[in-house]
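Scroll down for the structure; my scribbles are underneath it.
The values are calculated or read from the model by the stated rules, or taken from the named source; none is laboratory data. All figures in this text were calculated on a predicted structure; none of them were measured in a lab. Here Cβ is always computed from backbone atoms with ideal geometry, including for glycine, and neighbour counts include all displayed protein chains. Accessible surface is based on the protein model in full, side chains and every heavy atom, while ligands, DNA and RNA are left aside. Shrake-Rupley method; radii C 1.70, N 1.55, O 1.52, S 1.80 Å.
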Amino acid sequence: MKKGIVAALSVLFLLGGCAPTFEKQDQVVQENKSDEGTKGFIPNFQISEDYYKTMMPYETSETRGVVVNDLGSRYDINEIETGLMRVAQNQFPTDEYFFKEGKYLDKETVDSWLQRKYTSKQLKDKKMKESENIGLNPVQEDGDTEPIYLAHLVEHNYLVKVKDGNKDKAKLGGVVIALSLNSVQYETNMSSGARTVKNISNTELKQQGMKMAEEVVKRLRQKDGLKNAPIMIALYKQAPKDERVPGHFFAYSVAGNGEDSIQDWKDVNESHYLFPSPEAADAHPNDYKVFKTLKDDVEDYFPVYTGLTGQALYEDDKLTKMDFEVALTFEGKTETIGFAQHLASMITKHVPEGWDMKLTISSSDGPEALIVKKKGSKETYVHIYE
């Protein structure tokens with residue numbers, strides 16, 4: 001088992017394209033009053049320029065775990081976190097800022113913001129005060145079917161290191177908030193129990209998201225420490241519950257120092273595709289041809305075959321990342337090794353140098369092997385799980 005752990009760590013280091021350095025850590029003192037005098041450090045090692053360094057010791061957000069309950073698709077749970085980091089890099093470059101989980105929005109606040117806005121009568125019926133009427137989703141009168149647009153909020157904080165005399169201190173460089181928006185509306189007929197699904201248009205989703213973003217910025221400006229910090233709001237289109245790919249970010253904007261309104265929105269052109277699927281074949285035929293070649297090769301090589309699937313991320317219509325998975329029934333470890341070696345050879349032969357990809361070979365017992373190829377290289381790295 002120890003050999004397996006060491007090998008896995010070696011693969012992770014290789015993924016970053018560089019070896020780790022275990023030099024003296026950068027010491028910082030957090031600037032906010034609640035952490036005054038508490039020392040932390042920023043590790044020198046960075047996986048790659050695509051990832052932020054993280055403040056250590058790691059502090060979790062009060063809203064940790066809430067995302068699991070609020071997002072309809074399990075594919076969205078990881079994507080909204082990692083995708084938000086990608087969007088954040090448009091404002092906060094990874095070589096200047098480092099990451100910390102959000103601390104300004106607690107669970108109670110997030111839960112209250114996710115509620116609907118209520119009428120005076122509804123407040124009275126619910127025995128609520130007007131001060132508690134802070135839901136961001138629209139009012140629904142009796143008989144109406146107004147959608148729940150906002151499904152979840154995710155907060156990230158980005159810190160920057162500054163000099164204070166001869167000491168290094170960390171100060172807040174900006175706050176990034178993701179508004180996760182439902183792409184469909186589920187309605188249930190109370191008499192028959194039948195459920196209908198209604199798509200929410202992209203135009204309607206963006207209008208509602210922009211409106212909510214304005215209110216979120218105004219509320220954040222009232223919190224201690226956020227009066228002058230840049231605030232980025234990113235809009236995320238959540239996938240329907242039965243989708244096998246996650247949703248995507250489609251717009252973001254930044255309220256600069258001290259600004260309590262948003263003036264300019266920028267589009268984010270991201271999309272996810274499932275391989276195989278008609279949508280992937282139509283939109284990206286060249287990439288689909290590579291996938292089909294690998295798929296055919298798997299079928300020719302191994303008779304007990306249960307499927308090769310892929311999930312691809314495209315940014316500005318260019319392939320950014322491809323994750324493959326092969327599911328097989330194995331009789332022994334030697335088959336795993338032989339099959340992994342064969343697939344690594346096929347990847348080197350067929351996969352374009354510009355692809356950033358990984359392939360997981362799994363069985364009913366779990367992961368059996370991992371093959372990784374980094375962008376700009378034809379070389380593959382293989383790890384066999386013990």
Checklist outcome for this item: For Lys167, the lysines lying under 29 Å Cα to Cα, once residues fewer than eight places off in the same chain are dropped, come out as Lys24, Lys33, Lys39, Lys53, Lys100, Lys103, Lys223, Lys227
Next on the checklist: Modelling each spin label as a point 7 Å along the Cα-to-Cβ direction, I'd like the Lys292/Glu315 distance in nm, to one decimal.
Outcome noted: 2.9
Checklist entry - Within segment 143-185, what residues put their amide N at less than 13 Å from the label point 7 Å along the Cα-to-Cβ vector of Lys121? => result 143-144
Checklist entry - For all pairs of alpha-carbon atoms in segment 73-136, what percent lies in each bin of width 10 Å, listed from the first bin to the last filled one? => result 17, 31, 26, 20, 7, 0
Next on the checklist: Need one value: the accessible area of Ile384 in square angstrom, 1.4 angstrom probe, rounded to the nearest 10.
Outcome noted: 40
Checklist outcome for this item: In segment 288-386, taking the dipole from +1 charges on Lys and Arg beta carbons and -1 charges on Asp and Glu beta carbons about the Cα centre, the listed residue (Phe291, Ile337, Ser377) farthest towards the positive end is Ser377
Next on the checklist: Taking the Cα of Ile77, stepping 7 Å toward and past its beta carbon, and measuring to each backbone N in segment 129-162: which are under 20 Å?
Outcome noted: 151-156
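Hey, which of these cross-link pairs are over 26 Å Cα-Cα: Lys171/Lys237; Lys241/Lys378; Lys163/Lys321; Lys295/Lys358?
On the way: Lys171/Lys237 31 Å; Lys241/Lys378 37 Å; Lys163/Lys321 38 Å; Lys295/Lys358 15 Å.
Beyond 26 Å between Cα atoms: Lys171/Lys237; Lys241/Lys378; Lys163/Lys321.
If you rank His248, His156 by how much accessible surface each has, with a 1.4 Å probe, what is the order from largest down? It would help to have the intermediate numbers written out before the result.
Working: His248 50, His156 5 Å².
Order by accessible area, largest first: His248, His156.
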Checklist outcome for this item: Along principal axes, largest first, the alpha-carbon spread of segment 62-172 in whole Å comes out as 62, 34, 23
Checklist entry - Averaged per residue, what accessible area in Å² does segment 149-280 show with a 1.4 Å probe, protein chains only? => result 48
Item to check | Cα-derived Rg over Rh, computed across segment 249-373 with Rh taken as Kirkwood radius | outcome: 1.15
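Would you please classify the overall shape of segment 193-331 from the alpha carbon gyration tensor, given that a ≥ b ≥ c denote the square roots of the eigenvalues, rounded means a/c under 1.5, and beyond that prolate means a/b larger than b/c while oblate covers the rest? It would help to have the intermediate numbers written out before the result.
Values: a/c = 2.81, a/b = 2.34, b/c = 1.20.
Prolate shape, in that a/c is at least 1.5 and a/b is the bigger ratio.
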Checklist entry - If one computes P(r) from the Cα atoms of segment 272-321, what percent of pairs lie at distances over 12 Å? => result 63
Item to check | With DNA, RNA and ligands ignored, accessible area of Glu259 (1.4 Å probe; Å², nearest 10) | outcome: 90
Item to check | Cβ-placed point charges (K, R +1; D, E -1), dipole of segment 177-285 about Cα centre in debye, nearest 20 | outcome: 360
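If Glu325, Glu101 are ordered by their accessible area, calculated over protein heavy atoms with a 1.4 Å probe, which sequence runs from highest to lowest?
Details: Glu325 85, Glu101 35 Å².
Per-residue accessible area, sorted high to low, gives Glu325, Glu101.
Dividing the alpha-carbon radius of gyration of segment 320-386 by 2.2 N^0.38 Å (N being the number of residues), what value is obtained? Intermediate values should be presented prior to the final figure.
Values: Rg = 11.7 Å, N = 67, 2.2 N^0.38 = 10.9 Å.
My calculation over the Cα atoms of segment 320-386 gives 1.08.
In square nanometres and to one decimal, what's the mean projected area of the convex hull around the Cα atoms of segment 155-224? Walk me through the numbers on the way to the answer.
Numbers: hull surface 30.4 nm².
Taking a quarter of the hull surface, the average projection is 7.6 nm².
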